[in-house]
Amino acid sequence: MCGLIKKIFPESTLVEGPIPLYYQLQEKIKDLIDTGTLQEGDRLPSEREMAHYFQINRRTVSNAIDNLVADGLLLKKRGTGIFVAPKKIISKVNWLRSFHDEANMGGKKAQFRLIKIEIITPPASVCQYLNIQGTEKKVYNLQRLGYLNQEPVLIQKSFIPEWLVPGLEKKLTDNVSLFHLFEEDYGLKLTSGKESLEATTLRQYEADLLEVPQGKAGFVLRRITFSHTTPVEYVKSVLRGDKYIFKTDSQRR
C-alpha cells in the first residue's frame, strides 16, 4: 500500500496554519475525485496509513473521511475499506427531463416503486398550480419512490388532471416514465416547465423511505409541467442531498 499511497498523493505535506489539517486533507481527496484521478469504486488507503503518511493524528484523518462520506463522495465499508462513491446525478435545471432521462444520461438504472395512486378533489393550491376551475374536477394524486441502481434517492408526489390521462392507474407500473406515458399514450407533447429548488432537512418519514438518518440534508424540487399552455402535472420531489448536483447555464445581462 506504500507505493499506492504515494501514487495517489505524490505530495505528503499538510501545512499547520489557519486552515485545519482535516480540511486540507478532505480537499486533496475531493480534488482527486473531481479531476478523475480517483474513479468510482477506487479504494483509498486506510485511515491509519494516511495518518502515518501525512504525519497527522488518525482522528484528523477520520474527520476528513467522515465529511466526504456525509457529502456522498466516499463510502466506508466495514471490513473492506474506504471507496470512492458512485457519481451523483447531474440535473440541469434549465432542461425539462424526466428522472429516467437523467439516470440514463448518467449511465444508471432508474426504477420507481408506486406507494399510492388515487383520484381526489384537488386542494386549492393544486387548483392554482394546474389552473383548474370548478369543484367538480378531479386529479390523480400519486406518490412514488425513485431508485437509482436499487438505491432510493427521491420521493415524488404528483398531481395530474384526471381528464387528461384517463385510466392512468392501469398504465402506471414501477418501471414506466410518466413523461413517456404523457407523450406516447396520451398525446401530450411536453414543452416547458416552471421549477423551484430549495434546501431542506429530511423528516422522519422521508428519511425512512430514503434509508438515511433523520435530519440528513436534502432538496425539495417543485415543478409544473406544461404541454404548450396546458399544465399537465404539478410535482413535488424530495431528493437526497448526497446524490444530486444541480447545474445551470448563466449569461450576464
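The values are calculated or read from the model by the stated rules, or taken from the named source; none is laboratory data. Keep in mind it's a predicted model, so treat the numbers as computed, not measured. Glycine also receives a Cβ, built like all others from the backbone with ideal geometry; neighbour counts cover every protein chain displayed.
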If the Cβ limit is 8 Å and pairs must be 6+ apart or interchain, which residue in the stretch 224-253 that is at positive phi pairs with which residue that is in a loop (DSSP other than H, G, I, E, B) and of a type in the set (Lys, Arg)?
-> HIS228/LYS189
Among the residues of the stretch 173-191, is any buried (at least 18 other Cβ atoms within 10 Å of the Cβ) and without any contact (Cβ under 8 Å) to a residue 24 or more places away in the chain?
-> no
Residue that is in contact with a strand residue (DSSP E or B) (Cβ under 9 Å, 6 or more places away or on another chain) and either assigned to a helix (DSSP H, G or I) or not polar (S, T, N, Q) (or both), where the choices are GLU184, GLU206 | GLU206
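A quick yes/no check of all residues on (1) of a type in the set (A, V, I, L, M, F, W, C); (2) more than 30 Å from GLY193 (Cα to Cα):
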{"residue": "LYS30", "(1), (2)": "no, yes"}
{"residue": "ASP34", "(1), (2)": "no, yes"}
{"residue": "LYS77", "(1), (2)": "no, yes"}
{"residue": "ILE89", "(1), (2)": "yes, no"}
{"residue": "ARG113", "(1), (2)": "no, no"}
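Give the residues of the stretch 121-139 that are in a loop (DSSP other than H, G, I, E, B) and among the β-branched types (Val, Ile, Thr), sorted by residue number.
The initial filter retains those residues of the stretch 121-139 that are in a loop (DSSP other than H, G, I, E, B), namely 121-123, 130-138.
THR121, ILE132, THR135, listed by residue number.
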Residue pairs within 6 Å by beta carbon, gap of at least six or interchain, first lying in the stretch 152-165 and in contact (Cβ under 8 Å) with a residue 24 or more places away in the chain, second aromatic (Phe, Trp, Tyr), listed first then second, are PHE159/TYR234; ILE160/TYR140; GLU162/TYR140; VAL165/TYR186
When you go through GLU40, GLU27, GLU118 one by one, which is the residue that is in the same structural domain as VAL235 (by TED's automatic domain parsing) and out of contact with any helix residue (DSSP H, G or I) (no Cβ under 8 Å at 6 or more places or on another chain)?
-> GLU118
Breaking point among (1) buried (at least 17 other Cβ atoms within 10 Å of the Cβ); (2) within 18 Å of GLN156 (Cβ to Cβ); (3) at pLDDT 95 or above; (4) out of contact with any Pro (no Cβ under 8 Å at 6 or more places or on another chain), for ASP208 | (1)
